[in-house]
Structures are given as structure tokens and as C-alpha cells.
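Readers should treat all values here as calculations from the given coordinates under stated rules, not as data from a laboratory. Predicted model only: the values in this text are computed from it and were never measured. Every residue, glycine among them, receives a Cβ derived from its backbone with ideal geometry; neighbour counts consider all protein chains shown.
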Amino acid sequence: MDFVLASLTDGLLLGFVYGVAAMGMTLIWGVMDVINLSHGPVIALGMFGVYLLAAALGLHPYLAVIVVAALGLLLGIVIYAIAVHRVIDAPHLSTLLATYAINMVIIGLGTAYFTTSPRNIEFTLGTSSIGPITLLWTRVVAALAALLATGGLYLFLQRTRPGRYIRAVANNRSAAELMGVPSTKILALSFGIGTLLAAFSGGLISTFFPFTILSGGVYELKSFVIVVLGGLGNPVGALFGGLILGVLEGLIPVMMPTTWVPVVEFVLFVVILRLRPSGLFGAKQ
Amino acid sequence: MKRKVYLMILLLLAAMLALAACKPAPAAEEAAPAEEQAPAEEMPAAAEEVTLTIGFTASQTGKYETSSGRQVRGFNLWMQQINDAGGITLSDGTVVKFAAVSYDDESNKDRVQELYTRLATEDNADLLISPYSSGLTAAAAVIAEQYGKVMLTTGAASDATYKQGYTQVFQIYTPASRYLAGAVDLLKATDSAVSKVAFVYENSKFSTSVVEAAKAYAEEQGYDVVLFEGYDPETTDFGSFINKIIDSGAEAVLGGGHFQDGSTFARQLYEKEVAIKFLALLVAPPEPDFADLGDAAVGVIGPSQWEPLAAFTPDFGPTGDEFVQSYTAAYDEEPSYHSAGGYAAGLVLEKAIRDADSTDPEKIKAALDAMDLTLFFGKIKFDTTAEAHGLQIGHSMVYIQWQKDADGNLAKQVVWPADGATAEVLYPLH
């Protein structure tokens, strides 16, 4: 029982961070109908951004995470302008290839510059024990930051004018344009926010796991599963999807070898796609 | 909008060019080609100078970068020293010098096969040195055998490669099957009350062969193996394994794999304050960089192929102290056993050429088969039976542990075997 509790806690804490990573993907997918294959490399860039800011400039890692998130927003807008805008109305394959090209550019430059050698940020906040559970505070802070990000995104989408514009464009772009919504700017902003969330999650992960320029790929794959679990274009659903995945990752090793975790995750992915394609929490409204 | 997009594209291109300018040295680090190189098979005329091309790949990128880098630096040091000393003079007056051709294998098995084929065919390497790690070496060994090139393997301990019927491959390291046996002996000698042992290891060729042999040995010694589970080589989160270790009630943990996963595993065990008494991991602890873990490194034990403290009396080549001094002077870093392994591979090659008194690969191979010598690295002798040709049967391991000295600085100490120990083992771990 102690084992289950400890595993469950570890899984839940990680699940929050998975959720934020997936929120970035689901926002872009839901609003723009674009499957962003540059999502993983941007997560890795978030990791390296924090690493460079913390190691080279001596910035506190959490301050670095905030800076990296802001840079992520700008990077997203640039990626949108360069690669996505021209093909936004083209068939899906075009946007898929465009974001895959960005993926290859980032991976190529990252490999040339950083190599694929693992990096590590020497940072700890200590631990606390509650019964059988040992809490690592870096993971607790990451989970809280993920919750804040989710709340912030929710408020932004519900309470602000740009947020309402994003929802309007997601629902019906043509109608939104007829109402005077500057759809190009809103699409660029949506892509920017999606990228911001990816970089933010990468930055949080870098505070407790080692990483390479290729590390984002794992979280991109997890994001696909989460997006399908939580419902396409549903940011809050993505957070719950992340939590479900985290819990699974905590519980599966209780019953079988840990190497089975990705197998179970992707079986679940196929099952959800087959039985409930709109996700457990429903697709975008 | 168009103008803005063009501006952004220009900015991106400028950024790419700037990054490209900062790019590290090219992957293919080729030494100057052998000038008018004579074919190795033909004995040159008296006083002729022959340059033998030695081919190998280095993991300049990827997860083996740290260990491979040191291995290559060790080998390059030997090559620089022998060339600076005027090469090897054979009895007919021929002077043998060496040139290296090397590529970045990216720690990738597919790249290794492609590059060793290139070394054997396009670069016409006369002799080969293995890449780092058992997995990559197994891939390179196939090519060496296929093209009939003598290959000295260093940084590769798996037994399996030498049980394929190969005749061209010779191992410098103690084989994996004997890697962790000493750690089990150390545990038994330190605390006979410990009964539960967990093995958590990387799912790689090398680590699996080490832990399978160690598990059999531990069971033979009466230990209850309560957990035996492998992890993916790219694992960064050991949470589930750590929870299993706690749940299993294991008092000692053995396993690991290579540097990155091993150091991450040790760090996470420390962070989670797991109450184990004994931790012995492969490869990572003997690396000087392991000290970067700080307090998480204290008490961690690792089998090492060689340590500067080890005082072998060599009957060929430099003493341990001489090697440490020349390596430190050349690279401004402390040598690890990977560095020593690379240098030792060069020494073994040199001794084989001297014993063969020839550059003929067949004669070099015969000299390797007959070799029985002690280097600063330890004893070197190869199995010559058909079942395990080339397997190292002379060399043995030492076990180090990170301890704090009187000033609180981390330092490696040899804790096993007892007759070579430089300090008492720090026990229990935390």
C-alpha cells in the first residue's frame, strides 16, 4: 500500500507538468487545426533556455523559467509567421510538413550547438516526508506552477478580449473575421501561447530531470496521448489528461515492469481514439 | 505582412549562420593521412619509415561522450608519445609511426557499422581500436572480422562479443561477467547480516551481461535477490524503480549502466533519502565527474578497471604515476579508467608490433595471442581458445568508493580488494 501511495504521488506531480506541455499542443490543434510537430523541440529549447540562463547568467532557475516562457511566446509568433501562416488553409499534410521542418531545423541547430550530450541543472529545494511519501519540492513547485499556468490560461481565454477572440476563431474563423476579429494576429497569438506553454513545461522539467536536445520528443508523444485523452482543443481537459497519464505512470510499475509503461500508454491512445475520439472530457466547445 | 515575413526569414537565417559559426569542431577528426603509405603486408626496405593508420570512432556526441572522450584522449596521448619518441624501430631498421583516422559515431550503433566499414575500406586502416561501450563495440567487431582487421577493444566489457568465433578482436578490459562479483564479496565481508539485494540496471548489452553474472554469483553466495529489473537507456526518471526498491526491502542495490543514467539514479536515490546500506553502480562512480553530484556521491561504490592509486609494477610502458603525470599535463584533467584503457590499448598494440617485429597483421595477431604482460593498467592476457578467442583473462577489477576527506572534499578511495585498499569502506551508505 505504501508503494502504491508513493508511486501515485510521484505520478500525480509529474502529471501536472505533462498537462501543461499538452495544453500547448491542444490549444494550437484546437484553435488552428494544426498538429504542431515542433512541439517537442520547443520543450527541449525550454530546457536549454533555463539551463543557459541559470548556468551562464546565474539566474534563479524559476526566474529563468519565466524568461523562457516569454521567449517561447515570441518564438511561437515567429514560427507562425515563417512556417504556418502561408499553409494555414492548405490541407493538413502541409501544416504537418511545415511544423516538421521547424522540428528538424531546431533539432539540427540544437545538435550542432549543444550536441546530444545530457545536461543537468544543479538545483534542489530539498524533500519532505509524509508517511511513506517523500516529496521532492522541485516537483511540488512544478506542479503548483502548472496549476497556476492552467488557471491563468483559463482566465485569459474566458475573461480577456484576446482570449475571447481566440475562442471565437477556434469556433468559427470566418464568422469571427466578419465580426472584425483580426484572425491572423489571433492565430499568431494562439501559436505563440501554445509555444509558450511548451517552453514553460520544458523549463519546469529541466529543474528535476537531466535532458538533451532530443528530450522533447518523449513529452511530445505523451502530449499526443493526453490531447486525445482530454479532448481536442480543451486546455482544462489536457490538464486532467496529464494527471491521468501521470497516475498511470505511477501505477503501472506497481503491477508490471516499468518498461511496459509506454506500451500501455499507447494502447490507451488507440483505444480512446477508437471508442471516444472526442476524448474523455469532450472536444472544444 | 509579406515584408514582415521576409524580414523574419532573414533574421532566422542570420541566427542560423551565427549559430553555425559557433558550431563545435567538425565530427570527423581526421589525422593527416599517411604519406605514401606502404601496404602493411609488405615488409619495407631497411631504414624505411612506415605509417600505420589506426582507425576508430569516438562518441563526440550522445550519451557516451564523457567516457568515450577520455578513452580517445588516453589513446591519442600514447600515439603522440610514441610518434614524438621516433616511433618503433624494427630489427630491419624500419621505423613504424602511427596516424589516426577517427569519426564521431554519435553513440549510435548504426553509425558505428557505417563508419567502421568506411575505416576498413575507404580509409584503409591497418589496425582498429573499438568505440566506447559494449553495444557499439559489438557492432564494430562484426566489421573488423568481416574485413580481417585486428581490433583492440577498450571500453567494452561484455563477454558475448568474444564468444562469436571471432579471431581478430582482442579485449583490454576485465569482462563483464567478473565486473560486480567483487562488489558482492565486499558486501559480504562488510556486513554478513545483509540478505536482500536489488539489481536495477540499464537494458543494454554490457549492463545486462554484468548483472546476470552478478545475480548468479549473489545467489550462489546466499543472497535473496528481491528485485531484478532493467530500465530503458534513456531513462531520466527513476521514481518507479526507487519506489520498488523501497517496497522490496532491499538493503543493497547493485546495477546501473553508463555514466548519465548511473549518476542520475544515484542522485535520485539520494534525493529520495532511500534507506539502503550499500550502492554499487557500473561505470559512473569511477568517473571524476561523478563528484559533481556532491553529497549524493558519498558512499557510492563502483568497479573500476584501473585507478591511479593502483600500484602495479609494469614490465612494459610507463608506471601508473608516470601515466597520470603525462595525461594530466596533456589534458589538464585527472585520468579515469577509460583514459587508462585507451592508453593501454596503444601500449598493447605497440608491444604486439615490437614482439612481432613486423607490421604484418598476421604476425601482430600472433603476438597478441602469445601476450602475457603487466602494464600500469594491470595484467594483460588473451584467451586463445576457439570458444572465447580474444577474451581478457589476465586483468582484474578494483572497487572504489567516494568518501569525504578531513577537509570535507570528495575523494575516491580503493576499498576492495582488501589487500589493495586505501581506506576502510564507508558503511552503511546513508
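Data table
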{"item": "Value in Å of the Kirkwood radius, where the range B:157-252 supplies the Cα pairs that are averaged", "result": "14.6"}
{"item": "Prolate/oblate/rounded call for chain B, Cα gyration tensor, a/c under 1.5 rounded", "result": "oblate"}
{"item": "Rounded tilt (10° steps) of A:92-114 against the dominant C-alpha axis of chain A", "result": "50"}
{"item": "Karplus-derived 3J(HN,Hα), 6.51/-1.76/1.60, for each residue of the range A:229-234, Hz, glycine and proline x", "result": "5, x, x, 4, x, 10"}
{"item": "The protein assembly as shown: antiparallel DSSP beta bridges as a percent of all, rounded to 5", "result": "40"}
{"item": "Percentage relative contact order, the range A:2-220, counting C-alpha pairs under 8 Å, at least six apart", "result": "45"}
{"item": "Phi to ³J(HN,Hα) by Karplus 6.51 cos²θ - 1.76 cosθ + 1.60 over the range B:177-193, Hz, x for Gly, Pro", "result": "4, 10, 5, 9, 4, x, 5, 5, 4, 4, 4, 5, 6, 7, 8, 6, 7"}
{"item": "Pairs beyond 31 Å (Cα-Cα), from A:LYS222/B:LYS215; B:LYS205/B:LYS404; B:LYS109/B:LYS404; B:LYS205/B:LYS365; B:LYS205/B:LYS277", "result": "A:LYS222/B:LYS215; B:LYS205/B:LYS404; B:LYS109/B:LYS404"}
{"item": "Alpha-carbon centroids, the range B:387-430 and the range B:213-257: separation in whole Å", "result": "20"}
{"item": "In order through the range B:416-430: 3J(HN,Hα) via Karplus (6.51 cos²θ - 1.76 cosθ + 1.60), integer Hz, x for Gly, Pro", "result": "7, x, 4, 6, x, 5, 9, 7, 5, 5, 7, 8, x, 4, 10"}
{"item": "Over the protein assembly as shown, equivalent-ellipsoid semi-axes from the Cα gyration tensor in Å", "result": "50, 32, 21"}
{"item": "Peptides ranked, highest mean first, by Cβ atoms within 10 Å: ranges A:236-244, A:155-163, A:138-146", "result": "A:236-244, A:138-146, A:155-163"}
{"item": "Whole-Å distance, taken between Cα centres, linking the range B:284-309 and the range B:96-137", "result": "29"}
{"item": "Per-pair calculated FRET efficiency, R0 = 60 Å: A:HIS92 and B:THR385 via Cβ, rounded to 0.05", "result": "0.45"}
{"item": "For the range A:112-221: rounded, prolate or oblate by the Cα gyration tensor [a/c cutoff 1.5]", "result": "oblate"}
{"item": "Amide H partners (placed H, <5 Å) of B:GLN60, local residues excluded", "result": "B:ASP105, B:GLU106, B:SER107"}
{"item": "The range A:157-249, relative contact order [Cα under 8 Å, separation at least 6], %", "result": "13"}
{"item": "Chain A: angle of helix A:137-159 to the longest principal axis, Cα-based, in degrees nearest 10", "result": "20"}
{"item": "Cβ crowding within 10 Å averaged over residues, with B:284-296, A:31-43 ranked highest first", "result": "A:31-43, B:284-296"}
{"item": "Sum of side-chain charges, B:GLY249 neighbourhood, beta-carbon under 13 Å (Lys, Arg +1; Asp, Glu -1)", "result": "-1"}
{"item": "For B:253-263, mean number of other protein chain Cβ atoms within 10 Å", "result": "1"}
